[in-house]
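First the structure, in the form of structure tokens, and then the observations on it.
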Amino acid sequence: MHRALVLLPLALLGGCAVATAVITAPIKLGEVVYDTATESQEEADIKRGRALRKQEDAQKRAAKQAEKARRKAERERRRDD
């Protein structure tokens, strides 16, 4: 009786589908591990471009702050004269 209860769902789901899922599961897992462990050239280019844009933005912010500080110092110098 117990054996029939175990085999009944397998028969209803289709033996081939279950067997295929069981057999291909390790392969699919291996693909996921490989994809996460490696980086394609496109992904590397995207990451490099993102880092360059971030660096350029930081440089622009620093230049803007320096210009603002220079203007403020110039105004204060004119006031003192």
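Distance between the 7 Å Cα→Cβ label points at VAL22 and LYS47: 3.8 nm.
Straight-distance candidates among the lysines for linking to LYS54, with alpha-carbon spacing under 25 Å and chain neighbours fewer than 8 residues away dropped: LYS64, LYS68. Once both labels are positioned 7 Å from their Cα atoms along Cα-to-Cβ, the gap between GLU31 and LYS68 label points is 5.1 nm.
Rule-based calculations on the coordinates, nothing more; no lab input. Values in this document were obtained by computation on a predicted structure and should not be read as measured data. Neighbour counts run over all protein chains shown; Cβ positions are idealised from the backbone, glycine included.
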